[in-house]
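What follows is calculated from the coordinates using simple rules that are stated; it is not laboratory data. Computed from a predicted model, the values in this text were never measured in an experiment. Ideal geometry is used to build each Cβ from the backbone, glycine not excepted, and the neighbour counts take in all protein chains shown.
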Amino acid sequence: MKNPFKKILDMKEKEPNTPEHEVQETIVETTETAENQGKAQQNMSADPLAELQKQLEESRNKYLYLFSDFENFKRNAARERMDLISTAGRDMMSALLPVLDDFDRAAKNGALSEGTTLIHHKIAHTLKSKGLVSLDAKAGDEFNPDVHEAVAEIPAPTDETKGKIVDILEQGYSLGGKIIRHAKVVVGKV
């Protein structure tokens with residue numbers, strides 16, 4: 001270990017005319033530095049095992065936090081990937097819905113030939129196989145703003161139809177459990 005007071009002796013030898021107050025300040029600084037170094041050495045040499053155990057515990061905690069963050073990241077990434085896969089065809093499905101609506105209207109009016117009816121069933125079946133689900137709304141059902149979109153409100157023909165669906169203008173659809181188009185309905189005025 002270096003002698004902390006060597007600095008003072010060197011100062012006196014090199015500059016014998018150094019004012020006394022500067023020597024006193026240097027003595028105080030040197031003494032404080034020597035005490036701090038001694039305490040640090042005592043702490044390290046007193047219980048190196050405890051110090052190493054403390055460092056090990058800190059490292060273990062950092063590892064657990066990093067591991068936990070990484071697991072959360074993996075879980076979120078997997079969930080986002082599954083959402084993306086389940087709704088990958090959302091735009092395509094939304095673009096085909098008006099075509100399906102036209103087929104449905106033509107089928108209701110009896111304007112489909114046998115070949116066109118087969119095409120209608122085939123496109124409807126294909127869209128359903130890809131996850132498209134019709135939100136079956138019927139006249140007389142209770143109006144639900146989460147599923148239905150009220151396009152118009154007319155005076156209710158009877159008391160039972162107040163606040164209920166009177167007519168369906170467009171069927172609603174969901175894809176992968178998420179609504180891609182709300183059913184457009186006419187509601188009886190309350």
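Summary table below
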{"quantity": "Among the candidates ALA124, ALA183, residue that is in contact with a His (Cβ under 8 Å, 6 or more places away or on another chain) and under 23 Å from SER86 (Cβ atoms)", "calculated": "ALA183"}
{"quantity": "Residue that is farthest from the chain's Cα centre (by Cα), among those in the range 163-190 that are surrounded by 16 or more Cβ atoms within 10 Å (Cβ to Cβ) and not in a strand (DSSP E or B)", "calculated": "GLN171"}
{"quantity": "Residue list for the range 114-162, filter: of a type outside the set (Val, Ile, Thr), part of a loop (DSSP other than H, G, I, E, B) and over 16 Å from ASP101 (Cα atoms)", "calculated": "LYS130, GLY131, ALA139, GLY140, ASP141, PHE143, ASN144, PRO145, ASP146, ALA156, PRO157"}
{"quantity": "Conditions (1) surrounded by 10 or more Cβ atoms within 10 Å (Cβ to Cβ); (2) hydroxyl-bearing (Ser, Thr, Tyr); (3) under 35 Å from the mean Cα position of the chain (by Cα); number of the one not met by SER129", "calculated": "(1)"}
{"quantity": "In the range 84-98, residue farthest from GLY177 (Cα to Cα) [restricted to those that are without any contact (Cβ under 8 Å) to a residue 60 or more places away in the chain and in a helix (DSSP H, G or I)]", "calculated": "PRO98"}
{"quantity": "Counted residues, the range 99-113 - those being surrounded by 10 or more Cβ atoms within 10 Å (Cβ to Cβ) and in a helix (DSSP H, G or I)", "calculated": "9"}
